[in-house]
1. Report Rg/Rh for region 117-206, rounded to two decimals, where Rg is the Cα radius of gyration and Rh the Kirkwood radius.
2. Grab the alpha carbons of region 16-79, take their convex hull, and tell me the volume per residue in Å³.
3. Using all alpha carbons of region 4-111, what is the percent of pairwise distances in each 10 Å bin, ordered from the shortest bin to the longest?
4. Grab the DSSP H runs of the chain that are 4 residues or longer, score each as -39,500 (n - 2.57), total them, divide by all residues and round the 222 nm result to the nearest 500 deg cm²/dmol.
5. Would you mind ranking 67, 135, 72 by Cβ crowding within 10 Å, fewest neighbours first?
6. Between residue 115 and residue 62, what length in nm is gained on full extension when 0.36 nm per residue of separation is reduced by their alpha carbon distance?
7. Fewest Cβ neighbours within 10 Å first, please rank 62, 130 accordingly.
8. Compute for the chain: radius of gyration divided by Kirkwood radius, i.e. Rg/Rh, restricted to C-alpha atoms, rounded to two decimals.
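Here, each number is a calculation from the coordinates, and none is a lab measurement. Because the structure is predicted, anything quoted here is derived from the model rather than measured. Cβ sites come from the backbone with ideal geometry, for glycine too, and all protein chains shown count toward neighbours.
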């Protein structure tokens, strides 16, 4: 049963248009953030809704958490027709103290799904060509956000990393890159591995699945 105080409140709802989530891979690691003004005596909630087929079918409205992932948007989805909406629901005891939403930002970092079909984790061989001077990293979101990272690598420099033997080579003569590395050799756990790439570089993997004999 509604309380008298609730009936006296001024309520408002704003529903956004559709927004497309365009990524090259169709998947990604998401972060949703916004700024708001909440005067004394007012309150709000923000909800989101996701569709994987351009707006024909929807997952349903879910409460969103600031600075957290977009609800129902999985890093494993392969749909390139993903859209989302948000709605801002506010209430207040007076007209002069309504809550306000100033902006909302959804950041999606593309990811790659690597499936380890073996029975044990594997450490791949990796070939990398750096594009532009600077840093790069590969983050395994599935393996406790393990970050494989190099810093201060040169444009067009070629690196070879054997993660199993913990060996690093560069095509620059008389140069070693161990001091440029964070010593976190990439490990691919069994099953799905959601990999996130940061920086500009080309990469190639070679790997062998490990199975238990018995």
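1. 0.96
2. It is 100 Å³ per residue.
3. Spelled out bin by bin, region 4-111 gives 15, 41, 26, 13, 4, 0 percent.
4. So the calculated ellipticity at 222 nm is -500 deg cm²/dmol.
5. Taking fewest neighbouring Cβ atoms as first place, the list is 67, 135, 72.
6. Stretched out fully, the residue 115 to residue 62 stretch lengthens by 16.1 nm.
7. So the ranking, lowest neighbour count to highest, is 62, 130.
8. The Rg/Rh ratio comes out at 1.13.
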